[in-house]
Each structure stands twice: as C-alpha cells, then as structure tokens.
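Here's the structure, in structure tokens; my notes come after.
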Amino acid sequence: MSTPLRIAVVGSGIGVEHIKGFQELPELFEVKALCDVNLERAAPVAEKYGIGKLARSLDEVCRLPEIDVIDLCTPPAFHFAQIDSAVKAGKHVICEKPLVGSLAAVDSVARLAEGTDRRIMPIFQYRFGHGLQKLKYLIEQNLTGEAFVFNVDVAWWRDGEYYRNPWRGKRATELGGALLSQAIHAVDMVLYILGPAKSVFGRASTRVNMIEVEDCVAMALEMRDGSLGTISVTLGSLAEISRHRFTFRNLTAESNTEPYANSCDPWAFSFNARGNEKQVKDALEQFTPAPERYAGQFSRFYQALRDETDLPVTIADARAALEIVAATYHSSERNEPVTLPIGPGHPKYETL
Ligand SMILES: NC(=O)c1ccc[n+]([C@@H]2O[C@H](COP(=O)([O-])OP(=O)(O)OC[C@H]3O[C@@H](n4cnc5c(N)ncnc54)[C@H](O)[C@@H]3O)[C@@H](O)[C@H]2O)c1
C-alpha cells in the first residue's frame, strides 16, 4: 500500500469537503486529481487546493496508474456504474451516500466487492462525531443497560433554489427524497448505536416543495433488540435542528441540535438513580477522541486498508440504511407495517 494513498476526487460539489478532509491528513492522503464533467466548476477548486491533475471523465481517471483510490462525489444515479468502472480499473472506491438506489443494486455492489481485493466504502461521516462516539464507547463499556426508546428529529430547510440543481427532486436522478438524501445519516446513526431494525411503519409525503420525491416523513421503528423509536423528517423547517435522544436503562443520551453537526459534542448524558454517575464520568474521561466527520471516516479507512481490517462503514451498513428507506416507502404506499429484512422477490427490492 502506497503511503500516502493517492486520491482522485470525482465531483466538485460536496467533493470540496472531501478534499478538505483528505488534506487534514497529509501523512495519510494526497489528492492527486480532481475530475468533473464541468471543468469550469472544477478548475478553481483544483487551483485553490493545489491539485495538480484535472480530468473531465472518470475513464481518464481510471487510466491513471498513480491513483490508488477513486472517491465518488457525483449525483446518486451515477454511483453504481462508476463504482463498477473504478473497481474494474483496479482502484479502491469511496462513494457518497446514497451508495445506490435499490437493495438489488447494493447487493450487486457487495458481489462486486467479494470478487476483488479492492475495497469499497460508502460514506456515512456523521458517525464519527465525538458525541455519538462517546455513546458508542459507553455501550462498549456496558454502562448503558438495554435500550428502551429513541426519538429522532431531522428538521431542515430546502427551498426552490436548492432544487434548481437539475438532478435534485426527481425520482430518476435523486432516487428518493428527504429520507434517502438527507435523513439517511440520522437513520445510520440509529443503526450504528442500536443495531438492526425489525419492523417499520411510515408515512412519506411531499408538502414543502413542488418536487417528485418526499420532503416530509414520519416513521415508527421496532429494533431487533426490542427498543422502539420514532424518526420525523421535514425539509420545511425554517428553524433547522437535528436531534437524537436515546433512553437506556441506566442513562439517557441526548445530542446537541446543530442541524449538520449533532453527532459532534456536546451531548448530554444523564444518569440513573442507582449511582452510575461516577462510572460514566470516569469512562468519558478515558474516551480518546479521533478525527471527526470526513477526516474521521477517511483516517479509519486508511487504518482498515493498512491493517486489513473491516472498513469503518461497510456495504452492509449502506444496505441496512437503504432497507429502512425501502421499508418506509413501502409502508407508506401500502398503509401497513413492513418486517425486515427485504430480499429478492419483495416489491421494494428492485426499486425504491
Ligand atoms: N455526506 C453528506 O453529508 C453529503 C452532502 C451533500 C451531498 N452528498 C451526496 O454527494 C453526491 C453529490 O452531491 P453534490 O451536492 O455535491 O452535487 P452537485 O450537483 O453539487 O455536484 C456534483 C458534481 O458532479 C459532477 N458530475 C456529474 N456527473 C459526473 C460524471 N459522470 N463524472 C464526473 N463528474 C460528474 C457535476 O458536474 C457536479 O460538479 C450526492 O450523492 C449527494 O447525495 C452527501
């Protein structure tokens, strides 16, 4: 494995945040190339971040022998074909959410990964915020007891200007709406803490903008561990917040409400009456913070390649989140609860 790993970022929208994340870790990564069909957009980005090579097509990037990792930051409908091309060119792949737009496609990506020594990592960078990581640590230290209930709010604001970007708001190109595109991070945070879901009942509707996909969602979930929770999502909240609240037997954990940083500090941990306060506080003092957000996911990606261990976010993780999306859409359309898992033969397996 070359050190630093040599990266080509494809797409110069959110791709800029990826470049910044890699450049926070110069001993681990070097961004060698930026690719975008829109060179007018990409050129000033390449100049600003000192990226030597500009490319107009993924094929061109795939042919560059000096690239180890292709990082896909393109609109969702391109992801599957681009992952396939990059892996076939012998590159490791990082890919923005949503990884792909159906459970059938995510299973195809998993088969692609099984047939190669190249690694494919979906992005879920919210996982690595220090607040959420502290809760994960307390669970690993057996300090929380069993989970009872969780409550999640994703209340964001998107207006007509946002939907002027032509791939957004359309089923064929965005692949889904607020749940798939925005709240999927919040769903992943729940799965990361509590493990797999058992059943979902949901309602999705389009109430805020004149778009094809949903922008308001309400869901009730039962997790395999028996805990119950709700997630509500809107893209019509002028006052933006995100919030996760988990109630365990021995503590409650509540995130801050910064809409795009609620997995980061500060989180409030409150204790039970039986006096576990000292244990929890002692454990939190032992917590060792690692990088957060994109740099957090990228540094763990580097370690996983170096040590040949599991990736910090796996294709199975992307599947689990996508399965909740598929189940919610199905539940909303049929007015019935959906039991997981969703596999071949289910009406929501091939398309969302
Ligand atoms: N993880 C997060 O927090 C987060 C945040 C925003 C967006 N995203 C995801 O990132 C992806 C991109 O979103 P965005 O907001 O940057 O979109 P965007 O439209 O702003 O940028 C996408 C860029 O990709 C380029 N592009 C399109 N097709 C291409 C192709 N075939 N080859 C090369 N370049 C191509 C476009 O010219 C554009 O510059 C989406 O999947 C989106 O859901 C994730």
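Things to note:
- Carbon/sulfur fraction of accessible area - the chain, other protein chains in place, 1.4 Å, %: 50
- Here TRP156 sits with roughly 10 square angstrom of accessible surface, probe radius 1.4 Å.
- In the context of the full protein assembly, TYR349 retains an accessible surface of approximately 20 Å², using a probe radius of 1.4 Å and ignoring ligands and nucleic acids.
- Under the combined filter of DSSP loop state and at most 14 neighbouring Cβ atoms within 10 Å, the stretch 247-280 retains these trypsin sites (Lys or Arg not before Pro): ARG249, ARG274.
- Of all DSSP beta bridges in the chain, antiparallel share, percent nearest 5: 55
- Here the chain is assigned +1 on the Cβ of each Lys and Arg and -1 on the Cβ of each Asp and Glu. Its dipole about the Cα centre then comes out at about 220 debye.
- Whichever lysines have a C-alpha closer than 24 Å to that of LYS48, once near sequence neighbours (fewer than 8 apart) are set aside: LYS20, LYS32
- For trypsin sites (Lys or Arg not before Pro), the sites in the stretch 63-116 that DSSP calls loop and that have at most 15 other Cβ atoms within 10 Å are ARG63.
- Expressed as a fraction of 2.2 N^0.38 Å, the C-alpha radius of gyration for the stretch 5-124 is 0.99.
- Tail beyond 27 Å, pair distance distribution of the chain (Cα, percent): 47
- Added length on full extension, which subtracts the Cα-Cα distance from 0.36 nm per residue, GLN23 to ALA110: 28.4 nm
- Cross-link partners for LYS136 among the lysines, with Cα-Cα distance under 24 Å and sequence neighbours closer than 8 places in the same chain left out: LYS97, LYS198, LYS278, LYS281.
- Inter-part distance, the stretch 113-161 to the stretch 312-343, computed on C-alpha centroids, equals 16 Å.
- The angle between the Cα long axis of helix 79-88 and the main principal axis of the chain comes to about 60°, on a 0 to 90 degree scale.
- Under 14 Å, Cβ to Cβ, from PRO347 - net charge with Lys/Arg +1 and Asp/Glu -1: -2
The values are calculated or read from the model by the stated rules, or taken from the named source; none is laboratory data. Because the structure is predicted, anything quoted here is derived from the model rather than measured. So basically every Cβ, Gly included, is an ideal-geometry build from the backbone, and we count neighbours across all protein chains shown. The protein model used for the area step is the full one, side chains on, heavy atoms only, and it has no ligands, DNA or RNA in it. Shrake-Rupley method; radii C 1.70, N 1.55, O 1.52, S 1.80 Å.
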